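Remarks on the structure that follows.
Just so it is clear, none of the values below were taken in a lab; they were calculated from the coordinates. What you see is a predicted model, and the numbers here were worked out from it, not measured in a lab. Virtual Cβ from ideal backbone geometry, glycine too; neighbours counted across all protein chains shown.
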Amino acid sequence: MYNAIGVVGALLILFGFYRISIGKWTGKSLWYELDNLFGAIFILIYQLHFKVYISVVLNIIWAIVAFRGVVSYRDRRLRRR
C-alpha cells in the first residue's frame, strides 16, 4: 500500500510539471499547486514509512511551498471580488 502511495505522489508531481510544460497550466494555477501539495504529502508518507529520512526534509519544504501557493491563489481570488 505504501508503495502505491509513493507512486501516486510522484505521478501527481510529474503530472503538474507536464501540464505546465505543455502550457495547459501556469505556475499560479490552483491545480498545479494542489498536485504539488498532495504529491509531496503522499511521497512524505511513503518516505516516513520506509524511514527514508534524508528526503523527508525536501518533501516537507516542497509541501510547505505548495501550501503557500494554494493560500496565495485563494488570496488572489478573494481580492478580485
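List, please: which pairs have Cβ atoms under 6 Å, are six or more places apart or on different chains, and start with a residue in segment 67-81 that is without any contact (Cβ under 8 Å) to a residue 24 or more places away in the chain and closer than 20 Å to Gly16 by Cα and end with one that is in a helix (DSSP H, G or I) and of a type outside the set (D, E, K, R)?
Going by the 6 Å Cβ cut-off, there are no qualifying pairs.
Considering segment 6-27 alone, what residues qualify as being part of a helix (DSSP H, G or I) and of a type in the set (A, V, I, L, M, F, W, C)?
Across segment 6-27, the qualifying residues are Val7, Val8, Ala10, Leu11, Leu12, Ile13, Leu14, Phe15, Phe17, Ile20.
To keep it simple, each residue is scored yes or no on (1) exposed (fewer than 13 other Cβ atoms within 10 Å of the Cβ); (2) of a type in the set (A, V, I, L, M, F, W, C); (3) not in a helix (DSSP H, G or I).
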| site | (1), (2), (3) |
| --- | --- |
| Ala4 | yes, yes, no |
| Tyr32 | no, no, no |
| Ala40 | no, yes, no |
| Ile43 | no, yes, no |
| Val57 | yes, yes, no |
| Val70 | no, yes, no |
| Asp75 | yes, no, no |
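Between a residue in segment 43-62 that is within 18 Å of Leu11 (Cα to Cα) and touching a residue at least 12 places away in the same chain (Cβ under 8 Å) and any residue that is hydrophobic (A, V, I, L, M, F, W, C) and not in a helix (DSSP H, G or I), which pairs come within a Cβ distance under 8 Å, given they are 6 or more apart or on different chains?
Tyr46/Val52
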